[in-house]
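Trainee: This is the structure I have questions about; it appears just below.
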Amino acid sequence: MGARVLVIDDSPTLRKVVGTILTRHDYQALTASDGQAGLELLDKEPVDLVLLDFVMPRMNGYQFCRELRARESLKTLPVVLMSAKAERIRDQFLRQTGALDAITKPFDPRGLLAVVEAALARARDGKVPEAPKPEEMPEDDALLMTPESLRPSSRPESRQRAKGELVQFIAGVVSSALKTLPADAKLEESSLNDSISEIVDDAALIELAAKLGNWRMQRTAETLSGDISGIPLGEILQVLQMQRQSGVLEVSRGKVEVTIVLRDGCIDLAQAKGAAPEFRLGRYLIDAGVLTKADLENAVEAASKSGSLLGDTLVQMGLVTEDDVRMALTRQTSEMIYDVLRWQRGRFVLLRDLMVPEADAARLGLPVAAIVMEGFRRVDEWRVIEESIHFEAVLVRNEPAIATLGPAELTAAERSVLDAVDGERTVREIIDETQQSSFDACKTFYRMLQSRLVRLKAET
């Protein structure tokens, strides 16, 4: 085992994830929930490096360093600040505490490991700055808590630009709310912006900027980002379940972005941008036989005009029930996550205690363990399927073999997939046309290949 690293942070999720990153790279990771707990642990356990959060209950990062430097056996222990405020307070913190370095949240595994390795190398080479004496460290650390960068600029051009941005932000929020008003009651965008601009004077700007700044700091302080090639999504979800965490896990790969909303360690909803048509809500309702394609098209048009959610529109039109929508949302959410669990690359961002209105309304409460287990089972099946077939493959029918099939030997879904095989379209094109799940369609193709109902075009 490598060096011993103590991670001090009040976020259980961050402690777990950072600990996992370190352990995977042969470090020994110890954790503490605040500065006081960190000092108590250091009384019992020797460590080579401390990764230290700044904002924590009982004892914050600055107070921890002051106590650390007061102890003869610990005053030279290397410390790295690990905080959302790192960029703003770095120089001041390092100068006042003798810390080696600082890393800004959110960070990725590679960035964290680079900082850890560099700090340990400096410590081994004796290139550690002389720690200040406790009595020389300022008693009041308030300046660190309210950095100058949060204050609005006094320059007229900066204030004007900030005011314009603030107006646009407020207008965007108001515009969304106005979508539900009758057409003759809606305001023109230019008129809306002018009205807001008149209301938002310089005093309001300063006050709102401070509030928004504090909100952003609080939100950012609770974030963690990384690469799923280093920390598999399944592990992240299981950690969040064990810790009964609430918040939003955003996972992206290329143009696809999947948002997974959790509440008390359960999954309330998953949403996607740029995902394949198979993940659209209407597909699941059609699959269940409670909605026709024609009715779905009418509902999509109505929802677009009203600005309402598709599920709400379908219920209001009397086309489906609330239970039908809940069933569809459950399938949609589950299959989105199953698909993401297959990703071998991509990025994630974790935002604790941030909720999404649609998720708060849905409250599916799906157990993480069951979804992850089913997702892993599918991953194993995918490995077998992909040995025989891929999305760009073109299939041709074996008509003599198909002719021998009895009416009950294929389900309606399997029959629709087989009927779409024409020797020209790829597997992906057939999946998009039939709007079946990739997993179910490819399983069907795999079975048909094994039973010689279809063949790869290259084999004919």
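Trainee: Select from the range 1-12 the residues that are at pLDDT below 85 and surrounded by fewer than 21 Cβ atoms within 10 Å (Cβ to Cβ) and write down the one among them that is nearest to Gln36 (Cα to Cα).
Mentor: Restricting attention to the range 1-12, the residues satisfying the condition of being at pLDDT below 85 are 1-2, 10-12.
So of that shortlist, the ones also surrounded by fewer than 21 Cβ atoms within 10 Å (Cβ to Cβ) come out as 1-2, 10, 12.
Numbers: Met1: 27, Gly2: 25, Asp10: 11, Pro12: 16 Å.
Per the criteria, the residue is Asp10.
Trainee: Would you confirm, using the coordinates I've provided, whether Asp323 is without any contact (Cβ under 8 Å) to a residue 24 or more places away in the chain, on the phi > 0 side of the Ramachandran plot and surrounded by fewer than 16 Cβ atoms within 10 Å (Cβ to Cβ)? Spell out the reasoning first.
Mentor: Working: without any contact (Cβ under 8 Å) to a residue 24 or more places away in the chain: yes; on the phi > 0 side of the Ramachandran plot: no; surrounded by fewer than 16 Cβ atoms within 10 Å (Cβ to Cβ): yes.
Judged against the criteria, Asp323 is not a match.
Condition check ((1) in contact (Cβ under 8 Å) with a residue 60 or more places away in the chain; (2) not assigned by TED's automatic domain parsing to the domain that holds Glu278) across all residues:
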residue: Met373; (1), (2): no, no
residue: Arg378; (1), (2): yes, no
residue: His390; (1), (2): no, yes
residue: Pro400; (1), (2): no, yes
residue: Leu418; (1), (2): no, yes
residue: Val421; (1), (2): no, yes
residue: Thr434; (1), (2): no, yes
residue: Ala441; (1), (2): no, yes
residue: Tyr446; (1), (2): yes, yes
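Trainee: Is it the case that Gln96 is part of a helix (DSSP H, G or I) and surrounded by fewer than 18 Cβ atoms within 10 Å (Cβ to Cβ)? Step through it out loud before you land on a result.
Mentor: On the way: part of a helix (DSSP H, G or I): yes; surrounded by fewer than 18 Cβ atoms within 10 Å (Cβ to Cβ): no.
No: the conditions fail for Gln96.
Trainee: Residues of the range 222-274 being modelled with pLDDT of 85 or more, hydrophobic (A, V, I, L, M, F, W, C) and part of a loop (DSSP other than H, G, I, E, B), which ones?
Mentor: Listed by number, the list is empty, since nothing qualifies.
Trainee: If you go through the range 430-452, how many residues are surrounded by fewer than 21 Cβ atoms within 10 Å (Cβ to Cβ) and in contact with a strand residue (DSSP E or B) (Cβ under 9 Å, 6 or more places away or on another chain)?
Mentor: Of the residues in that region, 1 qualify.
Trainee: Which is modelled with pLDDT under 90 and either of a type in the set (Asp, Glu) or touching a Ser or Thr at 6+ places or on another chain (Cβ under 8 Å) (or both), of Asp432, Asp422?
Mentor: Values: Asp422 fails: modelled with pLDDT under 90.
Criteria check complete, one pass: Asp432.
Trainee: Condition check: more than 14 Å from Ala119 (Cβ to Cβ), surrounded by fewer than 20 Cβ atoms within 10 Å (Cβ to Cβ) and modelled with pLDDT under 90. Does Arg15 satisfy that?
Mentor: Criteria not met by Arg15.
Trainee: Taking into account only those residues within the range 307-317 that are out of contact with any helix residue (DSSP H, G or I) (no Cβ under 7 Å at 6 or more places or on another chain) and touching a residue at least 40 places away in the same chain (Cβ under 8 Å), which is nearest to Ala361 (Cα to Cα)? Lay out the reasoning, then the answer.
Mentor: First, the residues of the range 307-317 that are out of contact with any helix residue (DSSP H, G or I) (no Cβ under 7 Å at 6 or more places or on another chain): 307-308, 312, 316.
With the extra rule that they be touching a residue at least 40 places away in the same chain (Cβ under 8 Å), the set shrinks to 307-308.
Details: Gly307: 16, Ser308: 13 Å.
Residue satisfying both the conditions and the ranking: Ser308.
Trainee: Count, please, the residues in the range 263-283 that happen to be surrounded by 19 or more Cβ atoms within 10 Å (Cβ to Cβ) and free of Cβ contacts under 8 Å to residues at least 24 places away in the same chain.
Mentor: Matching residues across the range 263-283 total 0.
Trainee: Of all the residues that make up the range 367-387, how many are in contact with a Leu (Cβ under 9 Å, 6 or more places away or on another chain) and loosely packed, with under 11 Cβ neighbours inside 10 Å?
Mentor: Qualifying residue count for the region: 0.
Trainee: Hey, among the residues in the range 21-72 that are of a type in the set (Ser, Thr, Tyr) and assigned to a helix (DSSP H, G or I), which one's farthest from Asp91 (Cα to Cα)? Reasoning before the result, please.
Mentor: Step one: of the range 21-72, the residues of a type in the set (Ser, Thr, Tyr) are 23, 27, 31, 33, 62.
Within this subset, residues satisfying the condition of being assigned to a helix (DSSP H, G or I) are 23, 62.
Working: Thr23: 29, Tyr62: 13 Å.
Filtering first and then ranking leaves Thr23.
Trainee: Residues in the range 73-93 that are in contact with a helix residue (DSSP H, G or I) (Cβ under 8 Å, 6 or more places away or on another chain), surrounded by fewer than 21 Cβ atoms within 10 Å (Cβ to Cβ) and either of a type in the set (Asp, Glu) or assigned to a strand (DSSP E or B) (or both): how many?
Mentor: Residues that pass the stated criteria total 0.
The values are calculated or read from the model by the stated rules, or taken from the named source; none is laboratory data. Predicted model only: the values in this text are computed from it and were never measured. Cβ coordinates were reconstructed from backbone atoms using ideal geometry, including for glycine residues, and neighbour counts include every protein chain displayed.
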